[in-house]
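Quick notes on the structure that follows.
Only the coordinates and a few stated rules stand behind these numbers; no lab work does. All figures in this text were calculated on a predicted structure; none of them were measured in a lab. So basically every Cβ, Gly included, is an ideal-geometry build from the backbone, and we count neighbours across all protein chains shown.
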Amino acid sequence: MSKTEQSNGHGPGLERILVLELARVTEAAAIAAAQLRGRGNEKAADKAAVDAMRRELGRVEIQGTVVIGEGEMDEAPMLYIGEKVGTGEGPEVDIAVDPLEGTTICAKAMPNALAVLAIAEKGGLLHAPDMYMNKIAVGPGYPDDIVDLDATPADNLNALAKAKGVPINEIMACILDRPRHAELIRAVREAGAGVQLIPDGDIAGVIWTTDPKETGIDIYMGSGGAPEGVLAAAALRCIGGQIQGRLIPMKDEERIRAEKMGISDINRKFRLQDMASADVVFSATGVTDGSLLKGVRIRGDFAETETVVMRSKTGTVRRIKSTLRNVGARFI
Ligand code: VTB
Ligand code: MG
Ligand code: MG
């Protein structure tokens with residue numbers, strides 16, 4: 001097979017074999033984190049996922065650069081922004097990781113913790129600093145710009161209901177359960193829609209909007225991590241849907257960091273294609289059970305995982321159930 005394939009983005013496209021390689025990487029991170037589910041130790045679970053993800057990435061034939069990672073070089077020993085990963089052979093790619101999305105939910109063994117990774121042709125992912133981002137997202141099948149970050153919640157929800165052909169009381173919004181969202185939650189309910197609150201994990205929240213019949217979620221609203229926004233955009237680039245995001249710098253230091261990372265206009269409204277462009281592969285493996293994916297099951301010498309891996313070039317969405325064997329205290 002050729003090293004690269006034609007993509008509909010600006011680069012030559014990613015080899016499709018990478019789909020399977022990346023599934024393996026999130027599987028490894030999920031299994032590592034899963035062994036620390038319910039232990040009340042977020043840091044340990046996160047570290048286990050990071051270590052496993054980095055180890056597996058090291059075996060993938062890419063020249064990868066982490067653009068969304070665990071933090072700046074001086075604060076994160078592994079998978080820091082700018083770190084080179086992969087074998088050093090193969091295509092040059094940008095990588096976004098969240099080895100354990102939902103460290104707290106994993107530590108409490110609650111639903112929807114995921115191991116997440118996206119890669120894109122070099123230059124295909126927004127280099128978003130680790131700060132808050134205001135987000136709005138809907139699934140596929142609606143006219144472009146059906147919702148807008150700058151419109152009122154009522155206007156967005158009414159537009160969505162109209163496009164769906166349902167009364168607004170049949171619309172459900174997913175929002176992170178945070179005091180900062182009190183006003184947003186009130187406005188959504190006042191408009192007549194419902195709110196499903198989640199304790200953490202807004203990558204899953206955004207992905208749920210792509211299958212409202214299954215998940216009951218029509219729209220994602222509110223602020224969460226900017227890195228999670230880019231990862232969610234990468235997923236939507238593969239499945240379809242719309243997302244807009246705007247950074248919310250809380251202090252000057254964050255403004256400076258954004259500028260250093262190449263964001264000249266901090267107030268810019270990023271659209272899907274500004275956050276994830278070119279050819280993208282997205283992979284997520286369930287750590288704890290959730291409505292997107294089943295969590296890891298460990299039975300004696302075997303670990304079972306469920307992964308969703310998708311590719312923007314073809315729009316293929318694969319669900320992979322794997323059984324991995326424990327060899328020398330490690331599932332391979
Ligand atoms: C979200 C969510 C994460 O952080 O981005 C959120 O996806 C935002 O930050 O799972 P706050 O917790 O400060 O609101 C997480 O909940 C945790 O990383
Ligand atoms: Mg993380
Ligand atoms: Mg996270």
Next item on the list: Show me 287-298, 151-162, 86-97 ranked by packing, highest mean number of other Cβ atoms within 10 Å first.
Entry: 287-298, 86-97, 151-162
Check: How many angstrom lie between the C-alpha centres of the range 172-215 and the range 12-39?
Finding: 27 Å
Next item on the list: Of the DSSP beta bridges with both residues in the range 132-275, give the percent that are antiparallel, rounding to the nearest 5.
Entry: 70 percent
Item checked: Computed magnitude of the charge dipole of the chain (debye, nearest 20; Cβ of K, R +1, Cβ of D, E -1) -> 820 debye
Next item on the list: Among the listed pairs K135/K260; K260/K294; K47/K260; K84/K260; K213/K294; K108/K251, give every one whose C-alpha distance is greater than 29 Å.
Entry: K260/K294; K108/K251
Next item on the list: Give the order of T285, T307, T215 when sorted by the count of other beta carbons within 10 angstrom, beginning with the fewest.
Entry: T215, T307, T285
Notebook entry, point to check: For the range 61-164, what ratio Rg/Rh do Cα atoms give with a Kirkwood hydrodynamic radius?
Noted result: 1.08
Note to self: Using the Cα centre of the chain as origin and beta-carbon charges of +1 (Lys, Arg) and -1 (Asp, Glu), tell me which of M53, A118, Y142 is placed farthest towards the positive end of the dipole.
What the structure shows: M53
Checklist line | Shape box of the chain [Cα atoms, principal axes, largest first, Å] | finding: 57, 43, 41
